[in-house]
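Let me begin by presenting the structure, written as structure tokens, before commenting on it.
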Amino acid sequence: MSVNGVTSTTSAYEAYQTSAVKTTEEKTNSEVSTEKKSEEQAGAVYEPSNAAATSTAKKTYTQNADLVAKMKADAESRQNQLQSIVEQLMTKQGQTYNSANGIWSILAGGNLKVDAATQAQAQKDVAEDGYWGVKQTSERILDFATALTGGDPDKIEEMREAFKKGYKQAEKTWGGELPDISKQTYDAVMKGFDKLAEEAGLTTNN
């Protein structure tokens, strides 16, 4: 082989090496750049944001005192209304019952006689299907209780207690124990509250 041939081959080899090194360096730089970019993207995905940190902060709750006071006042108002209604109904039922038996009285001790027409009407009113009978009177009381609470089952026991207080107040107004028809009405109302509670899946306190 001639000197020129050796020189030409050597130059070509050196040029190849230079090109290979340059290509390798470019590839390495490219790979480093790609890896760096991947790391930056990965960091963007997994780095917790301020919003996420804020969402895990513990919340604080403040009682709305005005709303609580209003709800309490509303509940007391409903109970007082039912108590007053019960007192009036029980007293009126007792009066009608006495009239049906020939006695005109507002209090238990009254003994004035009633006329025949009034007595006949009173007897119809306190009959089983009469306006002042057990069925209709107890149903009116339960209807009043439901209307006052808007049908809220959680208020059943409150209305039951209001009914009891109203009944006791009626006894005071009457001057002693109310007639048997009123006692039967009391039992019917209590059973009505039990039924409402059962339908709502509640445990009764009766």
* Structure fact -> Counting only protein heavy atoms and rolling a 1.4 Å probe, one gets per residue an accessible area for segment 112-184 in Å² of 56
* To do: Provide the net charge surrounding THR96, with neighbours chosen by a C-beta distance below 11 Å and charges set as Lys +1, Arg +1, Asp -1, Glu -1.
  => +1
* Of LYS70/LYS172; LYS70/LYS164; LYS72/LYS168; LYS135/LYS172; LYS70/LYS135, those spanning more than 26 Å from alpha-carbon to alpha-carbon -> LYS70/LYS172; LYS70/LYS135
* To do: Can you grab the distance from the C-alpha centre of segment 158-193 to the C-alpha centre of segment 66-85, Å, no decimals?
  => 20
* Where in segment 74-105 does the label zone of LYS113 land, with the point 7 angstrom along Cα→C-beta and an amide N cut-off under 16 Å? -> 99-105
* Would you grab the residues whose amide H sits under 5 Å from the one on ILE103? Only those 5+ places off in sequence or on another chain, please, with H modelled 1.01 Å from N. => VAL114
* Structure fact -> Surrounding charge for GLU171, neighbours by C-beta under 13 angstrom, Lys/Arg +1, Asp/Glu -1, total +3
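Does segment 165-206 come out rounded, prolate or oblate by the C-alpha gyration tensor, with a ≥ b ≥ c the root eigenvalues, rounded set by a/c under 1.5 and, if not, prolate when a/b is larger than b/c and oblate if not?
prolate
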* Quick one: which residues, 5 or more positions from VAL126 or on another chain, have an amide H under 5 Å from its amide H? H modelled 1.01 Å from N in the peptide plane, none for Pro or chain starts. => TRP132
* Asked: For the residue pair GLN121 and LYS135, what label-to-label distance in nm results when each label sits 7 Å from Cα along the Cα-to-beta-carbon direction?
  -> 2.3
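The values are calculated or read from the model by the stated rules, or taken from the named source; none is laboratory data. This one's a predicted model, so the numbers in the text were calculated from it and none came from an experiment. Please note: Cβ atoms are built from the backbone with ideal geometry, for glycine as well, and neighbour counts cover all protein chains shown. These area figures cover heavy atoms from the full protein model, side chains too; ligands, DNA and RNA do not enter into them. Shrake-Rupley method; radii C 1.70, N 1.55, O 1.52, S 1.80 Å.
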